[in-house]
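As structure tokens, the structure follows; a few thoughts come after it.
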Amino acid sequence: MSTSIAYFILAHSCVRQTIRLLKALYNPKDQFVLHVDKRSCPKVLDDLREATKGLENFSLISTRLCSWGGLSLVDATLDMMSLALQGKTSWSHGIILSGTHLPLWSPNKIRDWVQDGQSIMSWHQLPDGECPRWLEGLAERVEWEYVEHLGRGMVKTNAVQRPNFPYFKGSQWSILAKEHVNFVVGSAGSEIERRLRITNIPDESYFQTILLNSDYSKFCIQGNITQFKWVSGASSPSILDFDQLSEMARNRDKPFIRKIDNDLGDEKRVVDLLEMIYGHKLSLQVNCN
């Protein structure tokens, strides 16, 4: 199907990479909302403002001081979604990305791939009773109350009972149908929403748990939209160099890849690779290199 996508991008400090992402994705049919962590230095915001100056379908906000795994990441995402919902432009799906993503598919292919009324996200459900060893950490996320300390993320405080509803955890990078975005934003203050705000690493459970406990659950498709490179025992994906990106890009079964830093070497070589992948030139409207 052909539709319009709203991209919700969480950015921090990798300005060159974030601009690379925008050059890869930007087109006049889709909508773009970028949140810059308020902890970032002012130059980050200034450079991104300059790069996106004059783009009518682009919004840049900086409303939250963000911590890894913190509730602030959820709130920053909700801020972007609320802004897009208030806009006059029509869109059918929202895609949550970081500034360290790159697309492996062209915007046209992504637009044609999404299905009307369906969301795509990954999840595991916390089982009742005793957890298998690989899910023990998941149980701890909900058996304690957590409060966000900026710079430290969510900090454990008091032991609490497990929630009285199914709890799900997955990747925060997902594709949500617009009606699902509207439902999640409108769930503020609900019992489930209030409970999720005191769990650990809520950005990996907030959208999954709210939607999968709703009538929209039957329209949620299990899937991961991002390729990663993981090293055994690591707590986060590896940062990819150019050769790794080039190698992994040969298998384009998912629409996005992460984690990309500012430095990929010769930028012309990077641009040539991306244009070969997408089959079109990168946007010249994002006007900063």
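Computed from the coordinates by the stated procedures, all read-outs in this text should not be read as laboratory data. None of these values were measured; they are calculated from a predicted model. Cβ atoms come from the backbone with ideal geometry, glycine included; neighbour counts cover every protein chain shown.
Considering every pair of different Cα atoms, what Kirkwood radius, in Å, is found for the chain?
19.6 Å
To the nearest 10 degrees, how steep is helix 42-51 against the longest Cα principal axis of the chain, on a 0 to 90 scale?
50 degrees
Contact order normalised by length for the chain, with contacts defined as Cα pairs under 8 Å and 6 or more residues apart; what percent is it?
Relative contact order comes out at 25 percent.
For Lys156, give me every one of the lysines with a C-alpha distance below 20 angstrom, ignoring sequence neighbours fewer than eight places off in its own chain.
Leaving aside lysines fewer than 8 places away in the same chain, those within reach of Lys156 are Lys169.
Provide Thr52, Thr157, Thr199 in ascending order of the number of other Cβ atoms located within 10 Å of each residue's Cβ, fewest first.
Fewest-to-most Cβ neighbours within 10 Å comes out as Thr157, Thr52, Thr199.
Quick check on the exposure proxy: order Phe228, Phe256 from fewest to most C-beta atoms within 10 angstrom.
Fewest-to-most Cβ neighbours within 10 Å comes out as Phe228, Phe256.
Quote the Stokes-Einstein diffusion coefficient, in whole µm² s⁻¹, for region 60-208, based on the Kirkwood radius over alpha carbon pairs, a temperature of 20 °C and a viscosity of 1.002 mPa s.
The diffusion coefficient I find is 129 µm²/s.
When the Karplus curve 6.51 cos²θ - 1.76 cosθ + 1.60 is applied with θ = phi - 60°, which whole-Hz ³J(HN,Hα) does each residue of region 77-83 get, with x for Gly and Pro?
Result, ordered by residue: 5, 5, 4, 5, 5, 4, 4 Hz.
Give Lys88/Lys254; Lys23/Lys178; Lys178/Lys268 a once-over and call out the pairs whose C-alpha atoms are over 26 Å from each other.
Lys88/Lys254; Lys178/Lys268
Taking a temperature of 10 °C and a viscosity of 1.306 mPa s, what whole-number D in µm²/s does Stokes-Einstein yield for region 1-123 with Rh from Kirkwood over alpha carbon pairs?
D, rounded to a whole number, is 107 µm²/s.
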